[in-house]
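The structure under discussion appears below in the form of structure tokens.
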């Protein structure tokens, strides 16, 4: 088992990362390229190499990786099929400033796999795809307003970066959530037409669409809330929202940047049997190479030929297309068997975590699916359903668990969630479960999360 404790003492385990970070601070804003990497009780780590399910940091510490690049590395690190696809793409050319046959080939695979996909447009990132989906919804309906949900993340663009992680005290009002910008530098005019609602609350969206439905162009959501831990949709919720959108004329938009090509070949919409009008994909679409796309109804997507502007110098570049094709060949063929195997393996780890929580009498609940799940330190008798319920979560205990897992050589996200890959083995599951059990036992002795 990779174990950070095997290199250096506890005080110097991350010394090289701290040293290099201090150097980076001299030339890089905050020393990192994404603010999310600053979260947690341990310093942002710098990594030297990766292979399969394993990472090695600049101190030489090795980790079983359950972060997997925050989701993209669905095939693990440096799989041979992806390395081959990248090399072959260099042999044909990178960027033509024109079209490549690969574009239609990958689009056809997406159309074959994703229930809502009739036409596809490629982007470079999930954020770009979110912005395009919203623009398409407004253009198609002729309406200005977008409904989004507390705690859901749709990129860092000004038009949607609201109420992602507001102070929990502000997440108490029902049916009337005050819009809170996520960043300085955002002007109210950029999000004036965004309505924020609590998720998993049918009364809230029903009331909103009854009141303002004629002005709502689209309802955008993560079909599984993945950016504040992992929170699953309540039974019947997605189906009812689909009905309400159809009745009001608003488009239903699933942000499947995390769930797409991970929960199933057709994403969450396949898993739950609910088909949106538009869907956004990224991350596992191209196994670590930057790529996103919008897929959806032909009549909506055809607005791109009727006045909707979208451009991107690097959209549809050969490397991303080649990797996307190689990735979906692994995940979406043979009935999605690779994803089913991955999911079953993750479910084994979920069972072990639940057993440990119960055995050590720690208040906790595990939510999600084998491919992606999260641990909340909260009373198990009340399921966490939305951002408001996060008031029940002991975040200090969660931060402590994440830090101790890292020290034990198991890397999970700063939200105590786990991303599985096809590279994870039964030994990886056993080692992670054993490490978590020992940590939870110690936390119980120290009266954490009791």
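Any read-out appearing in this document is the output of simple, stated calculations on the displayed coordinates, not a laboratory observation. Treat the numbers as computed from the prediction; the structure is a model and nothing was measured. When we count neighbours, we look across all protein chains shown, and the Cβ atoms used for this are built from the backbone with ideal geometry, even at glycine.
Here are a few things to note about the model shown:
- Residue with peak Gaussian network fluctuation, the chain [Cα springs, cutoff 10 Å], from 406, 278, 80: 80
- When each of 199, 156 is scored by the number of other beta-carbon atoms lying within 10 Å, the sequence from fewest to most is 156, 199.
- Packing-based ranking, highest mean first, of 263-274, 304-315, 186-197 given that Cβ atoms within 10 Å are counted: 263-274, 186-197, 304-315
- Tensor-based shape of region 358-450 (alpha-carbon gyration tensor, a/c under 1.5 rounded, otherwise prolate or oblate): oblate
- Over region 83-205, the reciprocal of the mean inverse Cα-Cα separation, the Kirkwood hydrodynamic radius, stands at 17.4 Å.
- Spatially, region 263-333 and region 403-435 are offset by 29 Å when compared through their Cα centroids.
- Mean ellipticity per residue at 222 nm, deg cm²/dmol - from DSSP H runs of n ≥ 4 across the chain, formula -39500 (n - 2.57): -11000 deg cm²/dmol
- GNM result for the chain, Cα springs below 10 Å: residue of 336, 142, 282 fluctuating most strongly: 142
- Most mobile of 285, 184, 387 in a GNM of the chain (Cα contacts under 10 Å): 184
- Region 344-408, Rg to Rh (Cα coordinates; Rh as Kirkwood inverse mean 1/r): 0.95
- Cα gyration tensor shape of region 233-302, rounded if a/c is under 1.5, else prolate or oblate by comparing a/b with b/c: oblate
- Ordering 92, 141 by the number of other Cβ atoms within 10 Å of each residue's own Cβ, fewest first, gives 92, 141.
- Evaluated at q = 0.07, 0.11, 0.17 Å⁻¹, the base-10 log of the normalised Debye intensity for region 80-332, with identical point scatterers placed on the Cα atoms, takes the values -0.23, -0.57, -1.28.
- Shape of the chain, Cα gyration tensor, a/c cut at 1.5: oblate
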